[in-house]
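J.: Questions regarding the structure given below will be posed in turn.
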Amino acid sequence: MITRIATFALASIALTGIAVAQPPSPPAETSVTVNGKNITIKYSAPSVRGRKIFGDGGVISKDPTYPVWRAGANAATSMTTGGNLDINGLKVPAGSYTIFVALNGDHDWDLIVNKKTGEWGLAYNKSADLGRVKMSVTKPPAPLETFQISLEATGGNKGKLTLSWENDVATVPFTVQ
């Protein structure tokens, strides 16, 4: 009897560990050093899993903040920069921010840099926006299953932020002072 209870307990712990180890939208992080300053973005990376993501009837359109999207899943996406940024004309002082995206229509995205940090992804407050900038949106050669954010140094004090998922790849250039 004790052996059965111990076996059941160990199996339960093992299965719980597997479930915890592989959440549907696992945490992810990207970082880059440009002009000697580090920039880091932390987010959760959801997958398509057979669903429609963007557009009418898509998963994102059901969020209470739509057409603003948290740029990931779960907690809001955070960005920390060790240097002052110019993101396509938007001046972003060194510090910590939350990143959102305004989905204005088919392939029309604005990156939103928000001053409020540490909140859940569906707690968007427009009055805390530092600003918004247009992103260039293209179609990938094949659909992208898992959401990804990447930061890339492009030379000198310049870099590029890219958000990729489903049928969209959105980019915006930045410079670091």
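J.: If a residue has to be within 20 Å of F100 (Cβ to Cβ), of a type outside the set (G, A, S) and not in a loop (DSSP other than H, G, I, E, B) to count, how many in segment 23-60 make the cut?
T.: 9
J.: Out of the residues in segment 69-90 meeting the condition of being of a type in the set (V, I, T) and buried (at least 20 other Cβ atoms within 10 Å of the Cβ), tell me which one is nearest to I41 (Cα to Cα). Outline the logic, then answer.
T.: Step one: list which residues in segment 69-90 are of a type in the set (V, I, T), which gives 77, 80-81, 87.
Keeping just the survivors that are buried (at least 20 other Cβ atoms within 10 Å of the Cβ) gives 77, 81, 87.
Working: T77: 7, T81: 9, I87: 14 Å.
Among them, the one singled out is T77.
J.: A follow-up question, please. Of the numbered conditions (1) buried (at least 18 other Cβ atoms within 10 Å of the Cβ); (2) farther than 28 Å from N157 by Cα, Y66 fails exactly one; give the number of that condition.
T.: Every condition holds for Y66 apart from (1).
J.: On to the next question. Any residue that is over 18 Å from the mean Cα position of the chain (by Cα) and either surrounded by 15 or more Cβ atoms within 10 Å (Cβ to Cβ) or at pLDDT 95 or above (or both) - is there at least one of those in segment 97-108?
T.: no
J.: Kindly indicate whether any position in segment 45-52 is in contact with a strand residue (DSSP E or B) (Cβ under 7 Å, 6 or more places away or on another chain), surrounded by fewer than 17 Cβ atoms within 10 Å (Cβ to Cβ) and at positive phi.
T.: no
J.: Next question, about the same structure. Considering only segment 32-88, state which residues are among the charged types (D, E, K, R) and under 24 Å from K160 (Cα atoms).
T.: Of everything in segment 32-88, those that are among the charged types (D, E, K, R) and under 24 Å from K160 (Cα atoms) turn out to be K37, K42, R70, D86.
J.: Quick test of your reading of the structure: L90 fulfils all but one of (1) free of Cβ contacts under 8 Å to residues at least 12 places away in the same chain; (2) of a type outside the set (V, I, T); (3) farther than 30 Å from P23 by Cα. Name the failing condition by number.
T.: Here L90 clears every test but (1).
J.: Just for segment 19-43: of the residues that are under 17 Å from the mean Cα position of the chain (by Cα) and more than 30 Å from N157 (Cβ to Cβ), which one is surrounded by the fewest Cβ atoms within 10 Å (Cβ to Cβ)?
T.: P24
So that you can scan it fast, the table gives a plain yes or no per residue for (1) under 22 Å from A94 (Cβ atoms); (2) out of contact with any Ser or Thr (no Cβ under 8 Å at 6 or more places or on another chain); (3) buried (at least 18 other Cβ atoms within 10 Å of the Cβ):
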{"residue": "Y124", "(1), (2), (3)": "no, no, yes"}
{"residue": "L144", "(1), (2), (3)": "no, no, no"}
{"residue": "E152", "(1), (2), (3)": "yes, no, no"}
{"residue": "G156", "(1), (2), (3)": "yes, yes, no"}
{"residue": "P173", "(1), (2), (3)": "yes, no, no"}
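J.: Ok, one more. Residue by residue through segment 26-84, note down the ones that are in contact with a Phe, Trp or Tyr (Cβ under 9 Å, 6 or more places away or on another chain), of a type in the set (S, T, Y) and at pLDDT 95 or above.
T.: Answer for segment 26-84, where residues must be in contact with a Phe, Trp or Tyr (Cβ under 9 Å, 6 or more places away or on another chain), of a type in the set (S, T, Y) and at pLDDT 95 or above: T30, Y43, S44, S47, T77, S78, T80, T81.
The values are calculated or read from the model by the stated rules, or taken from the named source; none is laboratory data. Since the model is a prediction, treat every value here as computed from it, not as a measurement. Cβ: placed from backbone, ideal geometry, glycine included. Neighbour counts: every protein chain shown.
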